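Engineer: Would you mind keeping the following structure in view while I ask a few things?
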Amino acid sequence: MLEVFIFATLNGLVTGFLLFMLASGLTLIFSMMGVLNFAHASFYMLGAYFAYSLSLYFGFWGGLIFAPLIVGVLGALVERYGLRKVHASGHVAELVFTFGLAFLIEEAIQFFWGRDTKNYQTPDLLDFPLFTLFGQEFSAYRGFMMTISIAIFIALYYVLTKSRIGIIIQAAITHPQTVSNLGHNVPLIFMGVFGMGTALAGLAGVIAGPVLTTFPGMAAVLGSIVFVIVVIGGLGSLPGAFIASLLIGLLQSYAIASDVGMPDLLGLLGISFDRSHPLNDLWTMNLPQIAPVLPYLLLVLVLIFRPTGLLGKREE
Amino acid sequence: MALLKKSSIWIAFLIALLGLPLVFDSILAISILNQMVIAIVFALSYNMLLGQGGMLSFGHAVYFGLGGFLSVHALILIEFETMVFSILWIPLIGGLFGLLAGIFIGSFSTRKAGTVFAMISLGIGELIAASSLIFSSFFGGEAGISGDRTFGPMFFGFDFAQNIEIYYVAALWAFIATLFMYLFTQTPAGKMANAVRDNPERAEFIGYSSRKVRFISFCASGLFAGIAGGLFALNYEFITEENLNAATSGRVLLMAYIGGLGYFIGPIIGAVVLTLMNSLLSNYSELWMLYLGIMFLLTVMYLPRGFAGFIMMHQIAWIRGNMKLLIKPYIVTAIPALLFTLCAIALIEMSHIEDEVFHYLGLELNPASPITWIVILAVAGGAFFTVKRSLVQLNDAWETANAIPKEEEA
C-alpha cells in the first residue's frame, strides 16, 4: 500500500509540475490580455513535434534547446499578426480565434508529420532507473522532467517578482496605460509575454513528448485539463495555478492508482444490487474508471460555488 | 397584406426546402440535404446562445447528443412495442430531453455570461462526454447505440425506410423549428436576451434579472438542439459518443461563426456552406479540414461578422443605388484572388501528394519537377501583388459608394 502511495505521489508531482508549465503561461497571457488561449496546448504539441524532428539531426538535447525557441517565435508571430488584429472585435472573437487556431494547428501537424504516432524517445543518457523502491523503478527521465519543471518554476518566480522586466510586466497587467506613459512599449511586452508563455508550453511538450507519446491528439488530451487548472486556481493567479496544477496532478494519479469503487462503498453500507439492475453501471463504477472525469467535476463545482477559483480576485 | 409580405419569405423558404430534393435527386444529394437541414436547426439553436444571448458555449453538443440518445432509445422502445406512436414525433422527444437538460444545467450555469459561462460549458461538455463512456448501458460505450426507424405505425402508407421520406420529415421539422426560433427573437424574452447580451447592467437597472433572461434563452436553445439531435437519430438510426463531445460542439461554433452571428440567417448560411464543404470537398482532398481551419481563421480575422455580415455590409450602398460602382472593382479583385487561392491549394496538395502526376483543374502537373513549383509560385506571387494593388482601388470605390451625398450633408 505504501509503495503504491509513494509512486502515485511521485507520478502525480511529475504530472503536476508539467501541467504547471502550461498553466503558468496560460494564466499570464490571460491576466495580460483577458483572453484564454485555447491554442495553448497546441503550442505544447508543436514543441513535441519540433523537438522530435530536431532530435533526428541534433539529438535530444538540441531539440530541448531549439524547439521551445521556435515555438516561442511562432507564438509571438501569432500574437503580432493574428490576435492583435482580432482584439478590436472583442473578447468572444479572440476566444474564437484561438479556438480556430487550435483546430488549424492540429490539422497542420497532421499535414506535415502525418497521423501516426512519432517514435520520439527519451535520450540514452537518461535511460536508467534513478532509484528502486520496493522493487519498483523510478526512471531517471521522470526525475529529469521534475527537475526541469521545478527549475522553470523557480526561474519564473524570480523573474516575475525580482527582476526589472518582471516588475514592468506586473505593472503592465494592471495599469497598461500608465506603463505606456512611462515610455515602455506595452504591445511589445504583450507580444513578449505571449511568446514566453508559448515557449514554456513548447518546452513542456519537448519533455513530455517521449513519455506521453507524440501524436496529433496530444493537445486535446491535455488542453482542457490546463483550462480546468487555471480556472480552479483562479483566473490570472499564478500561485493559484501552481496549487491547482499539483492538486489535479495528484488527484488523477491517486485516482488511477487506487482500486476502490462503488462496490466497496456499497459493501460498507451493506447494500448490494443485482447485475440486471438498470443502474448497474453506476453501482459497479470504480475510481480509476472515473479518474478522467474528476477534473471536470471539480471545475464545475468550483465554478458554481466559488466562481473566482481558489486564489482568484477578479470579479467580472 | 402586411402579413402576406412578412410571410412571403417563409413561404419561399418552405418551398425551397420541399423543392430541393426534386432538383437534386441523387442518393448522395438527398443524404447531403438531410445533413444540411439537421445542421441548420443545430446551428440556429447555437446562435440563440451566442449570437442573440451573448453566451459563448463550448459544450452545445451535449443537448444535441442527449436529445439524439433519447431519440434512439425511443426508436428501440417503438421497435419492441413498449410504446406505440409514429416516429414523426421522435424529434419532439429529443427536444423535450434537450429542454430538460437545458433546465437542469442552465439553472446553475447561466448566472454569469462571458468566460465563466464558457468554462462551465466546456467542463460540462467534457464531463458528459467522458461519463457517456462509463455509463455504457444507456450510451452504448464507444460503439454507441442504434435503432430502426421503420417500426411503429405507418403514416399514410409511409414506413420511412427511404432517406427521401426522412428528408421531408426533417424538412418539416426544420421549418417549424426555424419559424419558432425566429418568432422567439421577436418575443420580449428574445429582445431582452439581446439587451442582456449588450449590457447586462442596464438590463438589471430596468428591473430584469439578467440571469433569468439568459436562463430562458438557454432552455430554448437546449430544446431546439435536442430537436436537431432527434432528427439526427432519425436520419442515421444510430448515435455515438462522438455526437456529444467537444468536436461536435466545435463544429457548430464554426458553422454559426462563419455564417455570421449577429444575423438570423447567418447560421443557416454557415450550416449550408460547411455541410457542402464537408461532403463535397472531402471527396476531392483529404486535406479539407486544413482548408476549413484556414478559412475559419481568415473569417475571424477579416470578416468578424461572418458571411451574412459581409452581405449586409452592402446595405447602404444598395439603398443609395451605388452597387454598380462596386461591381467592377470587385471583379478586378476577385479574379486574381481566386487565382491566388487556386495556386495556394495546388502548392499545398502537391507537397502532400505521392503520385507521379497531379491532376488539377484539367491540368497534369508534375510534382517532382522544380519547374512546376517555380511556375505556380510565380503565378501565386503575381496574383498576390495584383490583389494587393486592386484592394486600394476597391477601398476607394467602397468609400465613394458609401459616402453621404452632398445635399444630405447640408
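The values are calculated or read from the model by the stated rules, or taken from the named source; none is laboratory data. Fair warning: this is a prediction, and the values are worked out from it, not measured in the lab. Reconstructed Cβ throughout: ideal geometry from the backbone, glycine too, with neighbour counts over all protein chains shown.
Engineer: From the list B:Y257, B:Y284, B:Y263, which one is assigned by TED's automatic domain parsing to the domain that holds B:G106 and out of contact with any helix residue (DSSP H, G or I) (no Cβ under 7 Å at 6 or more places or on another chain)?
Structural biologist: Numbers: B:Y257 fails: out of contact with any helix residue (DSSP H, G or I) (no Cβ under 7 Å at 6 or more places or on another chain); B:Y263 fails: out of contact with any helix residue (DSSP H, G or I) (no Cβ under 7 Å at 6 or more places or on another chain).
B:Y284 is the lone residue from the list that is assigned by TED's automatic domain parsing to the domain that holds B:G106 and out of contact with any helix residue (DSSP H, G or I) (no Cβ under 7 Å at 6 or more places or on another chain).
Engineer: What do you reckon, is B:S107 surrounded by fewer than 24 Cβ atoms within 10 Å (Cβ to Cβ) and in contact with a strand residue (DSSP E or B) (Cβ under 6 Å, 6 or more places away or on another chain)? Outline the logic, then answer.
Structural biologist: Numbers: surrounded by fewer than 24 Cβ atoms within 10 Å (Cβ to Cβ): yes; in contact with a strand residue (DSSP E or B) (Cβ under 6 Å, 6 or more places away or on another chain): no.
No, not satisfied.
Engineer: Can I ask one more? Just wondering, is there one or more residues in segment B:192-199 that are at positive phi and surrounded by fewer than 20 Cβ atoms within 10 Å (Cβ to Cβ)?
Structural biologist: For segment B:192-199, residues at positive phi and surrounded by fewer than 20 Cβ atoms within 10 Å (Cβ to Cβ): absent.
Engineer: I've got another one for you. I'm checking my understanding of the structure. Among residues of segment B:1-45 that are within 30 Å of B:V62 (Cβ to Cβ) and of a type in the set (V, I, T), which one is farthest from the chain's Cα centre (by Cα)?
Structural biologist: Out of the qualifying residues, it is B:I30.
Engineer: Quick test for you: out of B:L179, B:L133, pick the one residue that is surrounded by 15 or more Cβ atoms within 10 Å (Cβ to Cβ) and in contact with a Phe, Trp or Tyr (Cβ under 8 Å, 6 or more places away or on another chain).
Structural biologist: Sole residue among the options that is surrounded by 15 or more Cβ atoms within 10 Å (Cβ to Cβ) and in contact with a Phe, Trp or Tyr (Cβ under 8 Å, 6 or more places away or on another chain): B:L133.
Engineer: In segment B:349-388, what residues are within 34 Å of the chain's Cα centre (by Cα) and farther than 30 Å from A:W113 by Cβ?
Structural biologist: Once the filter is applied, which keeps residues that are within 34 Å of the chain's Cα centre (by Cα) and farther than 30 Å from A:W113 by Cβ, segment B:349-388 yields B:G362, B:F385, B:T386, B:V387, B:K388.
Engineer: Continuing with this model, one more query. Just wondering, is there one or more residues in segment A:72-95 that are more than 29 Å from B:G260 (Cβ to Cβ), β-branched (V, I, T), at pLDDT below 90 and touching a helix residue (DSSP H, G or I) at 6+ places or on another chain (Cβ under 9 Å)? Please lay out each step first, then the result.
Structural biologist: Going through segment A:72-95, the residues more than 29 Å from B:G260 (Cβ to Cβ) turn out to be A:72-76.
Narrowing the set further to residues that are β-branched (V, I, T) leaves A:73.
Next cut, at pLDDT below 90 only: none.
Looking through segment A:72-95, none of the residues is more than 29 Å from B:G260 (Cβ to Cβ), β-branched (V, I, T), at pLDDT below 90 and touching a helix residue (DSSP H, G or I) at 6+ places or on another chain (Cβ under 9 Å).
Engineer: Inspect segment B:260-280 for any residue being of a type in the set (S, T, Y) and without any contact (Cβ under 8 Å) to a residue 40 or more places away in the chain and give the result as yes or no. Quick ask: steps written out before the conclusion?
Structural biologist: Step one: of segment B:260-280, the residues of a type in the set (S, T, Y) are B:263, B:275, B:279.
Of the ones still in play, those that are also without any contact (Cβ under 8 Å) to a residue 40 or more places away in the chain are none.
So far as segment B:260-280 goes, no, none of its residues is of a type in the set (S, T, Y) and without any contact (Cβ under 8 Å) to a residue 40 or more places away in the chain.
Engineer: In segment B:144-159, which residue that is on the phi > 0 side of the Ramachandran plot and touching a Ser or Thr at 6+ places or on another chain (Cβ under 6 Å) is surrounded by the fewest Cβ atoms within 10 Å (Cβ to Cβ)?
Structural biologist: Within segment B:144-159, the subset on the phi > 0 side of the Ramachandran plot is B:144, B:152, B:156-157.
Those left that are additionally touching a Ser or Thr at 6+ places or on another chain (Cβ under 6 Å): B:144, B:152.
Details: B:G144: 19, B:G152: 23.
The qualifying residue surrounded by the fewest Cβ atoms within 10 Å (Cβ to Cβ) is B:G144.
Engineer: If you don't mind, another one. Within segment B:280-294, how many residues are within 7 Å of chain A (Cβ to nearest Cβ), of a type in the set (A, V, I, L, M) and assigned to a helix (DSSP H, G or I)?
Structural biologist: So the first thing to find is which residues in segment B:280-294 are within 7 Å of chain A (Cβ to nearest Cβ), and the list is B:287, B:289-290, B:293-294.
Remaining after also requiring of a type in the set (A, V, I, L, M): B:287, B:289-290, B:294.
The next check asks that each one be assigned to a helix (DSSP H, G or I); those that pass are B:289-290, B:294.
Total satisfying the criteria: 3.
Engineer: Please go through (1) surrounded by 19 or more Cβ atoms within 10 Å (Cβ to Cβ); (2) more than 22 Å from A:A93 (Cβ to Cβ) for B:L280 and return the number of the only condition it doesn't satisfy.
Structural biologist: Condition (1) is where B:L280 drops out.
Engineer: Does segment A:208-220 hold any residues that are in a helix (DSSP H, G or I) and touching a residue at least 12 places away in the same chain (Cβ under 8 Å), and which are they? Even if it seems obvious, please write down each step before you answer.
Structural biologist: Applying the first criterion (in a helix (DSSP H, G or I)) to segment A:208-220 yields A:208-212, A:218-220.
If the condition is that a residue be in a helix (DSSP H, G or I) and touching a residue at least 12 places away in the same chain (Cβ under 8 Å), then A:A208, A:G209, A:P210, A:V211, A:M218, A:A219, A:A220 are the ones that fit.
Engineer: Could you tell me how many of the residues in segment B:110-146 are among the basic types (K, R), in contact (Cβ under 8 Å) with a residue 24 or more places away in the chain and either within 7 Å of chain A (Cβ to nearest Cβ) or in a helix (DSSP H, G or I) (or both)?
Structural biologist: So the answer is 0.
Engineer: So, in segment B:225-270, exactly how many residues are part of a loop (DSSP other than H, G, I, E, B), more than 20 Å from A:S89 (Cα to Cα) and touching a Phe, Trp or Tyr at 6+ places or on another chain (Cβ under 9 Å)?
Structural biologist: Filtering segment B:225-270 down to residues part of a loop (DSSP other than H, G, I, E, B) leaves B:237, B:240, B:245, B:260-265.
Pick out the ones that are also more than 20 Å from A:S89 (Cα to Cα) and you get B:237, B:240, B:245, B:265.
Imposing the further condition that a residue be touching a Phe, Trp or Tyr at 6+ places or on another chain (Cβ under 9 Å) reduces the set to B:240.
Number of matching residues: 1.
Engineer: On to the next question. How about segment B:295-308: which of its residues are free of Cβ contacts under 8 Å to residues at least 24 places away in the same chain, crowded, with 17+ Cβ neighbours inside 10 Å and part of a helix (DSSP H, G or I)?
Structural biologist: Matches in segment B:295-308: B:L297, B:M301.
Engineer: Looking at A:G183, A:G209, which is the one that is surrounded by 23 or more Cβ atoms within 10 Å (Cβ to Cβ) and more than 11 Å from the chain's Cα centre (by Cα)? First the steps, then the outcome.
Structural biologist: Numbers: A:G183 fails: surrounded by 23 or more Cβ atoms within 10 Å (Cβ to Cβ).
Going through A:G183, A:G209 in turn, the sole match is A:G209.
Engineer: Which of (1) at positive phi; (2) assigned to a helix (DSSP H, G or I) is the odd one out, the single condition A:G236 does not satisfy?
Structural biologist: Of (1) at positive phi; (2) assigned to a helix (DSSP H, G or I), only one is false for A:G236: (2).
Engineer: Would you call B:F296 assigned by TED's automatic domain parsing to the domain that holds B:Y182 and in contact with a Leu (Cβ under 6 Å, 6 or more places away or on another chain)? Give the derivation first.
Structural biologist: Numbers: assigned by TED's automatic domain parsing to the domain that holds B:Y182: yes; in contact with a Leu (Cβ under 6 Å, 6 or more places away or on another chain): yes.
Spelling it out, B:F296 is indeed assigned by TED's automatic domain parsing to the domain that holds B:Y182 and in contact with a Leu (Cβ under 6 Å, 6 or more places away or on another chain).
Engineer: If we scan segment A:267-287, do we find a residue that is over 22 Å from the mean Cα position of the chain (by Cα) and at pLDDT 80 or above? Outline the logic, then answer.
Structural biologist: Filtering segment A:267-287 down to residues over 22 Å from the mean Cα position of the chain (by Cα) leaves A:267-287.
Narrowing further to those that are at pLDDT 80 or above: none.
Within segment A:267-287 (the criterion being over 22 Å from the mean Cα position of the chain (by Cα) and at pLDDT 80 or above), the answer is no, since none of the residues qualifies.
Engineer: Any residue at all in segment A:52-72 that is in contact (Cβ under 8 Å) with a residue 12 or more places away in the chain, within 14 Å of chain B (Cβ to nearest Cβ), out of contact with any strand residue (DSSP E or B) (no Cβ under 6 Å at 6 or more places or on another chain) and within 24 Å of B:I348 (Cβ to Cβ)?
Structural biologist: The answer is no, given that none of the residues of segment A:52-72 is in contact (Cβ under 8 Å) with a residue 12 or more places away in the chain, within 14 Å of chain B (Cβ to nearest Cβ), out of contact with any strand residue (DSSP E or B) (no Cβ under 6 Å at 6 or more places or on another chain) and within 24 Å of B:I348 (Cβ to Cβ).
Engineer: Restricting attention to segment A:79-118, which residues are at the interface with chain B (Cβ under 10 Å from one of its Cβ atoms), touching a Phe, Trp or Tyr at 6+ places or on another chain (Cβ under 8 Å) and under 21 Å from A:G34 (Cβ atoms)?
Structural biologist: A:G82, A:L83, A:V86, A:L95, A:V96, A:T98, A:F99, A:G100, A:L101, A:A102
Engineer: Further, regarding this structure: Run down A:T161, A:T198 and say which single residue is in contact (Cβ under 8 Å) with a residue 24 or more places away in the chain, part of a helix (DSSP H, G or I) and over 30 Å from A:E3 (Cβ atoms).
Structural biologist: Details: A:T161 fails: in contact (Cβ under 8 Å) with a residue 24 or more places away in the chain.
None of the others qualify; the one that does is A:T198.
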